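Reviewing the structure listed below.
The values are calculated or read from the model by the stated rules, or taken from the named source; none is laboratory data. Since the model is a prediction, treat every value here as computed from it, not as a measurement. Methodologically, a virtual Cβ is constructed for each residue, glycine included, from the backbone with ideal geometry; neighbour enumeration extends over all protein chains shown.
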Amino acid sequence: MEKNKTVTLQEPIDAGFDGASTAADVIEGIDLSGKVAIVTGGYAGIGLETTSVLSGAGATVIVPARDIEKATRALKGIERVQIAPLDLADPASIDAFADKFLASEQPLHIMVNNAGVMANPFTLDKRGYESQFATNHLGHFQLVVRLWPALRRANGARVVALSSWGHRFSPVVFEDLHFQQREYDRWLAYGQSKTANALFAVELDRRGREEGIRAFAVHPGSIVDTDLKRYMSEEELQKAGVFDQDGKPILDPSKQLKTIEQGAATSVWCAVSPQLNGMGGVYCENCDISPVTTEDKTQGGNDISKRAPSKAFGVFPYAIDPVAAKRLWELSELLLNN
């Protein structure tokens, strides 16, 4: 996590891991003693595994939580974990969390923007913003901007934004972010928010790299044993090929159908791996930098279980476009100030 002004091209580096690699695999031999991390959503699913693995390597991990009781139960027994209230859909809550952290004068070495919602019914927050965009992107944007002094203080920080292969569903539709002029489609809205996560990493890295702040976007894989599926019915999950007829998860890391431990691997790799020193602003999957693609080559349509095995699905150009990334950053600033 050292300062370096070089810019990384969006192409694989053959890091030596694959879809079956776990978070424990990629952090092996890395000492995070004295490092401070924040993991949003770090008390459930792959966020909980991320918290556990970072803590196990010696880091102090702050876990922002909307549900303090649930977080306390989930994190019991994990060392060096601190829980603090935060609701990513509430700007005042984000400011309060950031103020408290900044008052501690701690550096922030690792920030994993892991929390999110997926495919929920049409909902607007109290500002009138579409909820998936507001929670997945705008809440994390506000949090990172407010914590910038702590990231700079680390003298070598990494920010990891949880995107998704779902970014292929939609670019950021700047002319109608909140579905005021078109019929709401929960998957288009999810795709737009995940593209926003990827673009955020591009522009964050550009703005931060001279101060030692590097950023990465991550597709963790399809991990069905998490709360993210709460808005999908059992029938939808079976039709998508992630659950079998008995309601059990279908696991095949060659198709990015992963366990929680495998799903957390790329986030942790981006957060700590020395293989990425001097790099940033890239979209990653399966513990490697993804290739650029212009079409969905996964095959199988919406049935994930019928996908052809693939080392990498890739990233669409619009999700790493620096012009769109700059536009999104500037628009996000305006949205926060409205």
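Within segment 93-129, count every residue that is among the small types (Gly, Ala, Ser) and either at pLDDT below 95 or closer than 28 Å to Ile27 by Cα (or both).
6
Only residues that are charged (D, E, K, R) and in a helix (DSSP H, G or I): list them for segment 71-91, please.
Residue satisfying the conditions is Arg73 alone.
Of all the residues that make up segment 145-167, how many are at pLDDT 95 or above and surrounded by fewer than 23 Cβ atoms within 10 Å (Cβ to Cβ)?
Summing the residues that are at pLDDT 95 or above and surrounded by fewer than 23 Cβ atoms within 10 Å (Cβ to Cβ) in segment 145-167 gives 11.
Of the residues in segment 170-194, how many are under 30 Å from Met279 (Cβ atoms) and either surrounded by fewer than 18 Cβ atoms within 10 Å (Cβ to Cβ) or free of Cβ contacts under 8 Å to residues at least 24 places away in the same chain (or both)?
Of the residues in segment 170-194, 2 are under 30 Å from Met279 (Cβ atoms) and either surrounded by fewer than 18 Cβ atoms within 10 Å (Cβ to Cβ) or free of Cβ contacts under 8 Å to residues at least 24 places away in the same chain (or both).
Whether any residue in segment 40-59 is surrounded by fewer than 24 Cβ atoms within 10 Å (Cβ to Cβ), in contact with a Gly (Cβ under 9 Å, 6 or more places away or on another chain), of a type outside the set (Gly, Ala, Ser) and over 25 Å from His219 (Cβ atoms) is what I want to check.
no
So, in segment 160-207, exactly how many residues are in contact with a helix residue (DSSP H, G or I) (Cβ under 6 Å, 6 or more places away or on another chain), outside any helix (DSSP H, G or I) and within 29 Å of Val36 (Cβ to Cβ)?
Result for segment 160-207: 4.
Please list, ordered by first then second residue, the pairs with beta carbon atoms under 6 Å, 6 or more apart or interchain, first in segment 253-267 and part of a helix (DSSP H, G or I), second of a type in the set (S, T, N, Q).
Pro253/Gln262; Glu261/Thr22; Gln262/Thr22; Ala265/Ser21; Ala265/Thr22; Ser267/Thr50
Test each condition in (1) modelled with pLDDT of 95 or more; (2) surrounded by fewer than 20 Cβ atoms within 10 Å (Cβ to Cβ) for Glu235 and report the one that comes out false.
Failing condition for Glu235: (1).
Listed residues Lys76, Lys70; which is touching a Phe, Trp or Tyr at 6+ places or on another chain (Cβ under 7 Å) and either small (Gly, Ala, Ser) or surrounded by fewer than 22 Cβ atoms within 10 Å (Cβ to Cβ) (or both)?
Residue meeting the stated conditions: Lys70.
Could we say that Gly301 is of a type in the set (Gly, Ala, Ser), over 23 Å from Ile13 (Cβ atoms) and either modelled with pLDDT of 95 or more or over 16 Å from the mean Cα position of the chain (by Cα) (or both) here?
For Gly301, the condition - of a type in the set (Gly, Ala, Ser), over 23 Å from Ile13 (Cβ atoms) and either modelled with pLDDT of 95 or more or over 16 Å from the mean Cα position of the chain (by Cα) (or both) - is met.
Which pairs have Cβ atoms under 7 Å, sit 6 or more apart or on different chains, and link a residue in segment 48-70 that is within 18 Å of Ala89 (Cα to Cα) and in a strand (DSSP E or B) to one that is β-branched (Val, Ile, Thr) and at pLDDT 95 or above?
Val63/Val39; Val63/Thr51; Val63/Val81; Val63/Ile83; Pro64/Ile38; Pro64/Thr40; Ala65/Ile83
Could we say that Arg146 is among the basic types (Lys, Arg) and over 13 Å from the mean Cα position of the chain (by Cα) here?
In short, yes.
Inspect all residues belonging to segment 238-247 and state whether any of them is within 27 Å of Lys311 (Cβ to Cβ), modelled with pLDDT of 95 or more and not polar (S, T, N, Q).
No, segment 238-247 contains no residue that is within 27 Å of Lys311 (Cβ to Cβ), modelled with pLDDT of 95 or more and not polar (S, T, N, Q).
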